[in-house]
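This report concerns only the one structure given below.
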Amino acid sequence: MGKNIKIIILLMSVLLLLGSCSGEGKVNQNINNESNSQLEKDIPHLSYWSELNGNASSVKPRFENVPFFQEWQRRTGVKLTFIQPPANQAIEAFNVMIASEQLPDMIEYEWDKFPGGPEKAIRDGVILRLNEAFEQYAPNLMAYLAEHPEIDRAIRTADGSYYFFPFVQADDRLRTYQGPLIRKDWLDELALEVPTTISEWEIVLRAFKEKKGIVAPLTFLGLPSPLFGIENGAFIGAFGIKKGFYMEEDKVMFGPKEEGYKAFLTLFRDWYAEGLIDRNIATVDSKTQDVSMITGRSGASIWNVGAGIGTWLPYMRNENAEFQITPAPYPVLNAGDRPKFGQYTSAVGSSGRVAISAHSDNLEEAVRMLDYGYSAEGHMLFNFGIEGESYVLEEGYPYYTDLILKNADKLAPSQALAMYTRASYFGPFVQDVRYLEQYYFLPEQQKAVALWSDTDAILYTLPVTPKTEQENTALSSIMQNVNTYVDEMSIKFILGIEPIERFDEYVKQLKALNIEEVIQIQQAALDRYQDNR
């Protein structure tokens, strides 16, 4: 009996102890919940507006699910709420946002497109002048600018204002990545060579249509604006001009008002009528371009080393071992001519410019987060991702892992890279040429860079020339009407809606829209730039 009493007392003691522990656990849990809640409150919460890169969105359609953006937040101790405009509607969404006056902390945009330019955006209370904030909170960017005065000059307005965190491609090898691409297996099948001249291209495209039954032999981007795909000089450059501003011996020119533009429109008008160009010329976006090339709806295009060759080839080789894409040189009129124009970007990209809203209450936190991309650690994250996961260091060199180059989920390298880095597209950081040395691992990619770089584009490309607020106001007001008119009339000429004989009237209308005033503004800005070099 005494033994049973002892057992009962022991059991009661254990139950009391468990109850005590349970109560203590609840207390500790409450304390932990309160601590976590306090920690959550202490974490800066910022908002970020940007369009998501196409390679990333093809895998994860939302920013918050992309590993790179998750890691960037973790390392900087900032919680981001992303505001993401629909694909190919960034300009419209941006305008609606500005009109609403409901602005996020950070806005990634092509700020040279803001009506009146960045100085007006500052004066209107849309974004902040960042000179003092850079000095106080952006030591990494300021150190980089001190070492690269040419970049420092390029990211200021004519009035000396810093207003954005730049995307920098300082190495020339990073600045050419786009050009003509063509189905090499079809050329071989038809016993044709890679075309170099306009007449050779016509023969090839006609053969694709007539002998292969191809619906849209040549396709290229028609969004976000008509003829967007040829703006770097493909096909149009053969006529000695480009669709936009350029310079001839330090004299500013505007291609769409020159006689060469009439010759280009005449060519494309004939090709369109014959069915050699995609019938959806004004509505092709990057996804429909991908589909056209992958399915064989088209046999030639104008696209990137990574997003084009690096995406199409790995994907199609799993489906069709005979599928081959090869780069073609920028077309010329006469055999042996050297291409005058080709894709060649400036050291400071117009895309990926991140400004801070004047409505933000988190200036210091936003600046410090964006400055991280220019630090040694941030440089590695933006260019190579997470060490041990997307890259490994061997004797100081960052090598991408199979997660990027031989993805088990069959993601193309361009897609995998966009998941873990921003190396293959723009953003607030300095692009590292070591990314390119591995990203362009296919022989076709390496050939493309060499071929597309072999132009005189550097001689004719306008440098980034900061303008005053007054100049920007006039320029943006005039160019909004000019660009709309050029795009509308170009498509009408090509589709045969307007007779090409009306080209002279079209040029008169450009002058009536004050294109000459804009050319003078561009010339004044170029002259100032040349004088300050």
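The values are calculated or read from the model by the stated rules, or taken from the named source; none is laboratory data. Just so we're clear, the structure is a prediction, and the values are computed from it rather than from any experiment. Note: accessible area is taken over every heavy atom of the protein model, side chains too, but ligands, DNA and RNA are not part of it. Shrake-Rupley method; radii C 1.70, N 1.55, O 1.52, S 1.80 Å.
Grouping the Cα pair distances of the chain into 10 Å bins from zero gives a pair-distance distribution of 3, 16, 25, 25, 16, 6, 3, 2, 2, 1, 1, 0 percent in increasing distance order. Applying 0.36 nm per residue to the separation of L495 and N320 and subtracting their alpha-carbon distance, the gain on full extension is 59.5 nm.
Per residue, the chain exposes 45 Å² of accessible surface when a 1.4 Å probe is rolled over the protein heavy atoms with every protein chain present. Would you calculate a helix-derived [θ] at 222 nm for the chain, using -39,500 (n - 2.57) for each DSSP H run of n ≥ 4 and dividing by the full residue count, to the nearest 500? Helix-only estimate at 222 nm: -14500 deg cm²/dmol. Checking the cross-link filter: which aspartates and glutamates have an alpha carbon closer than 14 Å to that of K79, excluding same-chain neighbours under 8 positions apart? Reachable aspartates and glutamates: E40, D42, E64, E71, D105, E365.
Against the empirical 2.2 N^0.38 Å (N residues), region 462-506 has a Cα radius of gyration ratio of 1.56.
Ordering T288, T421 by accessible surface, largest first, gives T288, T421; the 1.4 Å probe counts only protein heavy atoms, with every chain in place. For region 240-305, lysine pairs with C-alpha atoms less than 13 angstrom apart, excluding pairs fewer than eight positions apart on the same chain, total 4. Computed in the context of the full set of protein chains, the accessible area of the chain at 1.4 Å probe radius has 50% of its extent on carbon or sulfur. Cross-link list K209/K410; K340/K447; K120/K508; K184/K410; K340/K406: which exceed 28 angstrom alpha carbon to alpha carbon? Beyond 28 Å between Cα atoms: K209/K410; K120/K508; K340/K406.
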